[in-house]
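Student: Have a look at the structure that comes next, please.
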Amino acid sequence: MSLQQLVERALAGDPVSRAKLVSLFSDTRPEATFDRMEAEEIAQKAQKPHECAFVGCTGAPGVGKSSLLSALVTRLRKQNQARLIAVLAIDPSSPFSGGALLGDRVRMALPEDDSGVFFRSQAADRELGGLSPATFQVCRMLRYLFDLVLVETVGVGQSETDIRHLADCVVLVVQPMVGDDVQLLKAGIMEIPDVIVMNKSDLTPAANQSFRALQTAAVRLLRPTDRSKVTTHRASARTGEGIDDLAALIADTRSNTDRFSEAETYFFEKAVRREFGTYGLDVLEAQGGAERVIEQRGFYEAQRWFARQIVV
Amino acid sequence: MKTETSTKATSAKKADGHRLVDEDGAPGRDRPWIFRTYSGHTSARASNELYRQNLLQGQTGLSIAFDLPTQCGYDSDHAMSRPEIGKVGVPINSLDDMHVLFDGIPIERMNTSMTINATSMWLLSLYVALAQERGVEVAALRGTTQNDIIKEYLARGTYIFPPPASLELTAQMYEYCLDAIPKWNASNVCSYHLQEAGATPGQELAFALATAMAVLDLVRARGQVPESAFAHVVGRMSFFVNSGIRFVEEMCKMRAFTEMWDHITQHRYGVTDPKRRAFRYGVQVNSLGLTESQPENNAWRIALETLGVTLSRNARCRALQLPAWNEALSLPRPWDQQWALRLQQILAYETDLLEYPDLFDGSPVVASKVAALKEQAQTEIDRIEEMGGVVAAIESGYMKSALVRSMTERVRKIQEGELTWVGVNRWPEAIESPLVSGNDGGLFRVEEGHAQQALAALEQTRRERDTEAAERAIETLKSAAKAGRNLMEPSIACARARVTTGEWAGALRDIFGEYRPATGIDGQPLALENDRVETLRSRIGALTAARGRRPRLLVGKPGLDGHSNGAEVIAVSARHVGFDVIYSGIRLTPSAIVRSAIDEDVDLVGASVLSGSHLELAEQIMTGLRKAGMNSAQVVLGGIVPAEDHAKLEALGIAKVFTPADYELLDTMEQLVELLEARSRNEARPQNQKRPQNQRG
């Protein structure tokens, strides 16, 4: 099958072609960049990118990110069958073997015969920041295939700030607070979200009190960017409480093309640092910086061009 | 029909030196434990014949195995059920099936043990309804519903509802049985399956006792049982325990159980009557250690494991069922079961075991070992209590992770020869066993076509019943569930209205929801580091570089069979050598596996099937992949697969079949890597050809 055919079939919704195309966008071989560039060109010619919104979902392990996501996806699909949804879930890799166990619990709760939902897990592959090295690239292609992309981050630490660069809306999931979660409120991760959801939030006095504390904390949050105020919600994936509100909020999220070009710069720089370290960053700086290089050459050409600079 | 073997002296005995004497000082023997054989298969009719045969052979109680659809709350005609009907037990769809199952068997004189959990309340209701329709006094019924849902989440996999709702059902059964069937054991806390899942003796003690406490705490908290009757409920708590090959330690474990339960019932629940503090338990000895290679050795293992739970009089089992020597090969045939039963009879009636008081009282070695086990267990119990009890420790995945860790540690020890396993990692060469060379190859086969019996009976029930009455009974059940009322009476009414198993469970699924527990494999290390692991990692590294991505392996358990140890160990090992592994736990439909394989664009699908349904399930997976045009994923299958089925699986397109004989993890990993390397070589194409990657195959 030619690349042309593959992209066409994927755009037409063929599940296998869709999956293969996503794999191409996470292929680590240098020469795969050519194919990605070509694939995106083909897709661009065939159609405009969807008005695709990216929603990030982050939070500590055990707060119920997966079950909340699956409840939301099910609801969003039910509301609008025409809305195609992709879910990317990032899991940590073993520092020893490089292998990973990729959780698939979101998928298991979704209707299995609904081809309007695509689920892919990605290994973080020792990348810090909560995403996989390929997440951004894959999202580039997903723009052409889906209307909504949900990204679930690794969820292990407070350094998971990359999602802020990618997503149009970041949802932080917490649970009624005990001990460490109070710490979480003070920590850096609280600077990331646009929305804070208290999951597992049944209407007990303890949960009510917890939620009030969360609301107070959220008001005081210093916003690092110009984004609007943080909103707080409560939900229970188990009882379905609050799912409608959250689904509406996600459905209203609009894609932001400025954000996407900022993301290009950020993730390009990150890739340079990953591959070539501070030496790479110095070289990039000497060429006028990531933003300038991308502006001059385009995202793909910038990568190839930069690799040549380093080799020489 | 004879139901209870009478011996010369059945009254209580006491110790007189080395002798047991009765009240008049005359020497005598103890009455033996109840002899059971875990059985049931194919259809209600076939199982009924088997039970009658076993009772004639001197078996003294019934132990009923249900098929997986019945255990998971599906009717035989549900899509998930088809391949499983009658495979691992008897299919029961309605009260009509119960009439057939117990045809000619006097249930008022039977001690009937039912291995049933998520649908326990339903099966007990059917049994009660059977008694009512036969005109048997319900209060006279005796027996046990296994009904330990905690170990289902941890090890056995036939759960349906979330933990809190499931425990409520158990508590309601205790409340009902208290007056209605005072001799019924509403639940039977199982440490058996925990050992099968790799639990250490300390974990077995702790998890089982913590589970029992969770049930009793809930019964007390519900406030339906008057304080004066609570001791009775405590006294009905019984256990189902495993006995492994380290039989001295197992004997000590049983003494530890007895002592700890005595303490808990006295101090936590204030039970003063020592009889109600007795640790009453039944046993099935260990299956985990039974081997497919040199299967005749299993007969010795079973005999030795039996000693662990019979030697110590103070901690002797009340009922015993033995696996058959060929369990790792297939379900037992009637002859295999008879052979197992004879072992019990020889031990109880030929040997002098039952003539003595406890042999170990006063032994400093035993006392010290028991104390050590108790301490381990108490530490673990304290930890679980700190987390908020068993339900919290299930929901957080803590208990499951602990078991997966123990299991992978056991597997590592076997791999590295720290644990000797005769015929497997030592002395693997042997003369071929004549026991497996008979006409039937030493195997039992479910006769094809028997599934039709179950389906036809179900259809007949649906056709002949009063549909409106059945629907009304279901509505009553649902509204009682919504209101949090005791569901026993509405369930009995459902049974009599010929509501089916799937309808009963479906109604409660609507109210309680379904549950999917943690897989427990996240973050599990495998302490196996050697040259072979390193070689595998570099081979996978080479594949990763050549193909532009790490090999992706989907481990899946299609069908209703919940024995996930094998799949878990494979998942953990595959990650250990460098695969990206996608594992979502048990009870997947073939179409869900196909869907995951496509979306995740995996290179390998490993399907694990232990229930004997490998042909049907493999066929469904292969067809699904082919129809979708997913040709790049190779499919391998692991399970209890008779040799003659290997060729059939290959014809279906299965790339490789693994059986329990492939216990060597690294061998398995090497074979998986070889499959990928071969595929990768075939993918190599002339340089100037157009990509994309990963498209061929």
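The values are calculated or read from the model by the stated rules, or taken from the named source; none is laboratory data. The model shown is predicted, which means the values in this text are computed figures rather than measured ones. When we count neighbours, we look across all protein chains shown, and the Cβ atoms used for this are built from the backbone with ideal geometry, even at glycine.
Student: Could you tell me which residue of the stretch A:29-46 is nearest to B:Ala542 (Cα to Cα), considering only residues that are small (Gly, Ala, Ser) and buried (at least 21 other Cβ atoms within 10 Å of the Cβ)?
Tutor: Residues of the stretch A:29-46 that are small (Gly, Ala, Ser), as a first pass: A:32, A:39, A:43, A:46.
With the extra rule that they be buried (at least 21 other Cβ atoms within 10 Å of the Cβ), the set shrinks to A:32, A:39, A:43.
Details: A:Ala32: 17, A:Ala39: 26, A:Ala43: 32 Å.
So, considering only residues that are small (Gly, Ala, Ser) and buried (at least 21 other Cβ atoms within 10 Å of the Cβ), the one nearest to B:Ala542 (Cα to Cα) is A:Ala32.
Student: Going residue by residue through the stretch B:543-553, is there one that turns out to be within 28 Å of the chain's Cα centre (by Cα), within 11 Å of chain A (Cβ to nearest Cβ) and part of a strand (DSSP E or B)?
Tutor: Residues of the stretch B:543-553 that are within 28 Å of the chain's Cα centre (by Cα), as a first pass: B:553.
Now drop any that are not within 11 Å of chain A (Cβ to nearest Cβ), which leaves B:553.
Restricting the remaining residues to those that are part of a strand (DSSP E or B) gives B:553.
Yes, there is a match, as at least one residue in the stretch B:543-553 is within 28 Å of the chain's Cα centre (by Cα), within 11 Å of chain A (Cβ to nearest Cβ) and part of a strand (DSSP E or B).
Student: Could you go through the stretch A:112-119 and let me know if any residue there is out of contact with any Lys or Arg (no Cβ under 6 Å at 6 or more places or on another chain), away from every other protein chain (no Cβ under 12 Å) and either crowded, with 23+ Cβ neighbours inside 10 Å or at positive phi (or both).
Tutor: Within the stretch A:112-119 (the criterion being out of contact with any Lys or Arg (no Cβ under 6 Å at 6 or more places or on another chain), away from every other protein chain (no Cβ under 12 Å) and either crowded, with 23+ Cβ neighbours inside 10 Å or at positive phi (or both)), the answer is no, since none of the residues qualifies.
Student: Are any of the residues in the stretch B:278-295 in a strand (DSSP E or B), among the hydrophobic types (A, V, I, L, M, F, W, C) and either touching a His at 6+ places or on another chain (Cβ under 8 Å) or surrounded by 18 or more Cβ atoms within 10 Å (Cβ to Cβ) (or both)?
Tutor: Within the stretch B:278-295, one or more residues are in a strand (DSSP E or B), among the hydrophobic types (A, V, I, L, M, F, W, C) and either touching a His at 6+ places or on another chain (Cβ under 8 Å) or surrounded by 18 or more Cβ atoms within 10 Å (Cβ to Cβ) (or both).
Student: How many of the residues in the stretch A:34-62 are within 11 Å of chain B (Cβ to nearest Cβ), closer than 27 Å to A:Val154 by Cα and not charged (D, E, K, R)?
Tutor: 2
Student: If you don't mind, there's one more thing I want to ask. Just name the residue that is farthest from the other protein chains (Cβ to nearest Cβ) out of those in the stretch A:1-28 that are within 13 Å of A:Leu142 (Cα to Cα) and among the β-branched types (Val, Ile, Thr).
Tutor: A:Val7
Student: B:Ser401 fails exactly one of the following numbered conditions: (1) within 20 Å of B:Leu154 (Cα to Cα); (2) outside the structural domain of B:Leu307 (by TED's automatic domain parsing). What is the number of that condition?
Tutor: All conditions are met except number (2).
Student: Can you confirm whether B:His232 is assigned to a helix (DSSP H, G or I) and crowded, with 22+ Cβ neighbours inside 10 Å? Outline the logic, then answer.
Tutor: Numbers: assigned to a helix (DSSP H, G or I): yes; crowded, with 22+ Cβ neighbours inside 10 Å: no.
In short, no.
Student: Right, B:Ser396: among the hydroxyl-bearing types (Ser, Thr, Tyr), over 21 Å from B:Leu288 (Cα atoms) and within 25 Å of the chain's Cα centre (by Cα) or not?
Tutor: So B:Ser396 passes the test.
Student: Taking B:Pro558, is it farther than 30 Å from A:Pro95 by Cα and more than 8 Å from every other protein chain (Cβ to nearest Cβ)?
Tutor: The answer is yes for B:Pro558.
Student: Shifting gears a bit: Tell me which helices (runs of 4 or more DSSP H) are completely within the stretch A:218-304 and hold 1 or more residues being outside the structural domain of A:Thr74 (by TED's automatic domain parsing) and either at pLDDT below 85 or within 20 Å of the chain's Cα centre (by Cα) (or both), or say none if there are none.
Tutor: So the answer is A:257-286.
Student: Any residue in the stretch B:303-321 that's touching a residue at least 60 places away in the same chain (Cβ under 8 Å): show its pairings with residues that are crowded, with 22+ Cβ neighbours inside 10 Å and acidic (Asp, Glu) at Cβ separation under 7 Å, as long as the two are six or more apart or on different chains.
Tutor: That search, which allows pairs on different chains as well, returns B:Gly308/B:Glu250; B:Val309/B:Glu250.
Student: Let me ask something else. Given the conditions (1) part of a loop (DSSP other than H, G, I, E, B); (2) more than 22 Å from the chain's Cα centre (by Cα); (3) farther than 17 Å from B:Gln453 by Cβ; (4) not basic (Lys, Arg), which single one is not true for B:Glu108?
Tutor: The number of the failed condition is (1).
Student: So which of B:Gly157, B:Gly223 ends up being at positive phi, in the same structural domain as B:Val271 (by TED's automatic domain parsing) and touching a Gly at 6+ places or on another chain (Cβ under 9 Å)?
Tutor: Values: B:Gly223 fails: touching a Gly at 6+ places or on another chain (Cβ under 9 Å).
One residue alone meets the criteria, B:Gly157.
Student: Please give the number of the condition B:Leu508 fails out of (1) closer than 26 Å to B:Lys400 by Cα; (2) in contact (Cβ under 8 Å) with a residue 24 or more places away in the chain; (3) within 14 Å of chain A (Cβ to nearest Cβ).
Tutor: All conditions pass for B:Leu508, except number (3).
Student: Whether any residue in the stretch A:68-91 is at the interface with chain B (Cβ under 9 Å from one of its Cβ atoms) and surrounded by fewer than 21 Cβ atoms within 10 Å (Cβ to Cβ) is what I want to check.
Tutor: No, because not a single residue in the stretch A:68-91 is at the interface with chain B (Cβ under 9 Å from one of its Cβ atoms) and surrounded by fewer than 21 Cβ atoms within 10 Å (Cβ to Cβ).
Student: Moving on to the next point. Can you tell me which residue within the stretch A:12-28, out of those that are in contact with a Leu (Cβ under 7 Å, 6 or more places away or on another chain) and within 19 Å of A:His50 (Cβ to Cβ), is surrounded by the fewest Cβ atoms within 10 Å (Cβ to Cβ)?
Tutor: Just the residues of the stretch A:12-28 that are in contact with a Leu (Cβ under 7 Å, 6 or more places away or on another chain), to begin with: A:17-18, A:20-21.
Pick out the ones that are also within 19 Å of A:His50 (Cβ to Cβ) and you get A:17-18, A:21.
Working: A:Ser17: 23, A:Arg18: 28, A:Leu21: 27.
Only one residue fits best here, namely A:Ser17.
Student: Looking at (1) at pLDDT 95 or above; (2) surrounded by 13 or more Cβ atoms within 10 Å (Cβ to Cβ); (3) out of contact with any Gly (no Cβ under 8 Å at 6 or more places or on another chain), which one does B:Gly502 not meet, given that it meets all the others?
Tutor: If we test B:Gly502 against (1) at pLDDT 95 or above; (2) surrounded by 13 or more Cβ atoms within 10 Å (Cβ to Cβ); (3) out of contact with any Gly (no Cβ under 8 Å at 6 or more places or on another chain), just (3) comes out false.
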